[in-house]
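K.L.:
One structure, as structure tokens, below. Some questions next.
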Amino acid sequence: MLSVTLSTSARQDLADAVEWYARHSIHNAQRFVAEYGRMEALVAESPERWTMIKPGVRRLVFRRFPYSLIYSVQGDHVIVIAVKHHARRPGI
């Protein structure tokens, strides 16, 4: 299993999403955090399994939320580049 590190922008993406869900429903915020944890574990376990969206960059789509985990594998580390909402920041 590889270690996972969030970039500064991915950490902010995650914090913004949790904050948004918490303002609307603590329960959904907790579900989002749990889903993020599940996604992180999946990419740590099988990083090459998920869709390559450009050379060296992969995407794993959340099951219950309109988000994707955008990441790259660098040696024995997974670097999360973004926690991307599907309706925002289309250039990522």
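K.L.:
Going by how many other Cβ atoms sit within 10 Å of their own, how do ASP13, ASP76 line up, fewest first?
P.N.:
Exposure proxy ranking, most exposed first: ASP76, ASP13.
K.L.:
Additional query: Does region 30-92 classify as rounded, prolate or oblate by the C-alpha gyration tensor (a ≥ b ≥ c root eigenvalues; a/c under 1.5 gives rounded; else a/b over b/c gives prolate, otherwise oblate)? Don't skip to the answer; put the middle values down first.
P.N.:
Details: a/c = 2.02, a/b = 1.17, b/c = 1.73.
Oblate.
K.L.:
Please give the charge dipole size of the chain, origin at the Cα centre, charges +1 on K and R Cβ atoms and -1 on D and E Cβ atoms. Round to the nearest 20 debye.
P.N.:
Here the chain has a charge dipole of around 360 debye.
K.L.:
While we're looking at this one, here's another question. Please compute the length gained on full extension between THR51 and ARG63, using 0.36 nm multiplied by the number of residues separating them and subtracting their Cα-Cα distance.
P.N.:
On the way: separation 12, 0.36 × 12 = 4.32 nm, distance 1.46 nm.
Length gained, THR51 through ARG63: 2.9 nm.
K.L.:
Rounded to the nearest 5, what % of DSSP beta bridges with both residues in the chain are antiparallel?
P.N.:
Of those bridges, close to 80 percent are antiparallel.
K.L.:
Something else about it: At 0.36 nm per residue, minus the direct Cα-Cα distance, what do HIS77 and GLU19 gain on full extension? Give it in nm, one decimal, please. Mind showing how you got there, number by number?
P.N.:
On the way: separation 58, 0.36 × 58 = 20.88 nm, distance 2.71 nm.
Here the segment from HIS77 to GLU19 would lengthen by 18.2 nm.
K.L.:
Here is a further query. Using a 10 Å cut-off on Cβ atoms, rank the peptides 38-49, 17-28 from the highest mean neighbour count down. Don't skip to the end; give the middle numbers.
P.N.:
Numbers: 38-49: 14.8, 17-28: 13.3.
Most protected by this proxy first, the peptides run 38-49, 17-28.
K.L.:
If you build a Gaussian network model of the chain, linking Cα atoms that sit under 10 Å apart, which residue out of GLY37, GLY56, GLY75 swings the most?
P.N.:
GLY75
K.L.:
For the pair ARG31/ARG11, report the inter-label distance in nm, with labels modelled 7 Å from Cα in the Cβ direction.
P.N.:
2.9
Only the coordinates and a few stated rules stand behind these numbers; no lab work does. Note that this is a predicted model, so its numbers are computed, not measured. So basically every Cβ, Gly included, is an ideal-geometry build from the backbone, and we count neighbours across all protein chains shown.
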